[in-house]
Amino acid sequence: MAETRRTVEFSLPNVGPGPDPLSLSDLAADHEFVVVYLQRDHLCTNCRKQVQRVADRYDEFADRGAEAVSVVPEPRAKVQSWQDSYDLPYPLLADPDVAAGEAFDQPVRFGFLVRPSLGRGRARGA
């Protein structure tokens, strides 16, 4: 089976360390691997925890020749609040037009995802 590779490129405002704006091709030229984290939005609690966990282990990425980058589908000012709060040691990109998500064919889901209930709330004996 032949291997298929797709080239993804974007350039976005960077509120973290590194050049501003920052392009994926620039990161790829300087690192053996680039790990892109596509966050849901700036209010996402799990996303906030994830960027902090990546920051805590950032040296492990660097030791392997990898660069981590988080992309938040929000305007620069909202993304800047994450950098101000967490002082991330890696690039943090603002993507209000969702260019990165579209490039990776990853839609942004706003709101909550709910699993349908199987029980429908029936009371016993009713």
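The values are calculated or read from the model by the stated rules, or taken from the named source; none is laboratory data. From a predicted model like this one, the values you see are computed outputs, not experimental measurements. Glycine also receives a Cβ, built like all others from the backbone with ideal geometry; neighbour counts cover every protein chain displayed.
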query = Going through the stretch 24-58 one residue at a time, which ones are in contact with a helix residue (DSSP H, G or I) (Cβ under 6 Å, 6 or more places away or on another chain) and not in a helix (DSSP H, G or I)?
reply = Val34, Leu38, Gln39, Arg40, His42
Long-range neighbours under 6 Å by Cβ, at least six apart or interchain, first residue farther than 18 Å from Glu74 by Cα and charged (D, E, K, R) within the stretch 9-35, second surrounded by 17 or more Cβ atoms within 10 Å (Cβ to Cβ) and modelled with pLDDT under 95 = Glu9/Leu24
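Here's the yes/no breakdown for (1) touching a strand residue (DSSP E or B) at 6+ places or on another chain (Cβ under 7 Å); (2) surrounded by fewer than 18 Cβ atoms within 10 Å (Cβ to Cβ):
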site: Asn14; (1), (2): yes, no
site: Ala28; (1), (2): yes, yes
site: Glu32; (1), (2): yes, yes
site: Cys44; (1), (2): no, yes
remark   = The residue that is surrounded by the fewest Cβ atoms within 10 Å (Cβ to Cβ), considering only those in the stretch 78-92 that are aliphatic (A, V, I, L, M) and under 15 Å from Leu12 (Cα atoms), is Val79
Single unsatisfied condition, Val79 versus (1) in contact with a His (Cβ under 9 Å, 6 or more places away or on another chain); (2) at positive phi = (2)
inquiry  = Suppose we filter Arg48, Arg124, Arg40 for residues that are exposed (fewer than 11 other Cβ atoms within 10 Å of the Cβ) and either modelled with pLDDT of 90 or more or of a type in the set (Lys, Arg) (or both); which single one remains?
reply    = Arg124
query = Could you say which residue among Asp105, Asp63, Asp87, Asp95 is touching a Phe, Trp or Tyr at 6+ places or on another chain (Cβ under 9 Å), more than 14 Å from Leu27 (Cβ to Cβ) and of a type in the set (D, E, K, R)?
reply = Asp95
ask   = Do we find a residue being out of contact with any Leu (no Cβ under 7 Å at 6 or more places or on another chain), hydrophobic (A, V, I, L, M, F, W, C) and either within 17 Å of Gly101 (Cα to Cα) or modelled with pLDDT under 95 (or both) anywhere in the stretch 5-19?
value = no
ask   = When you look at Ala62, is it assigned to a helix (DSSP H, G or I), free of Cβ contacts under 8 Å to residues at least 24 places away in the same chain and not charged (D, E, K, R), yes or no?
value = yes
ask   = Inside the stretch 68-106, can you point out the residues that are under 17 Å from Val36 (Cβ atoms), of a type in the set (D, E, K, R) and in a loop (DSSP other than H, G, I, E, B)?
value = Glu74, Asp95, Asp97, Asp105
task = Starting from the stretch 93-116, keep only residues that are on the phi > 0 side of the Ramachandran plot and surrounded by 15 or more Cβ atoms within 10 Å (Cβ to Cβ), then list their pairs with residues that are at pLDDT below 90 and part of a loop (DSSP other than H, G, I, E, B) whose Cβ atoms are within a distance under 6 Å, requiring at least 6 positions of separation or different chains.
result = Val98/Val108
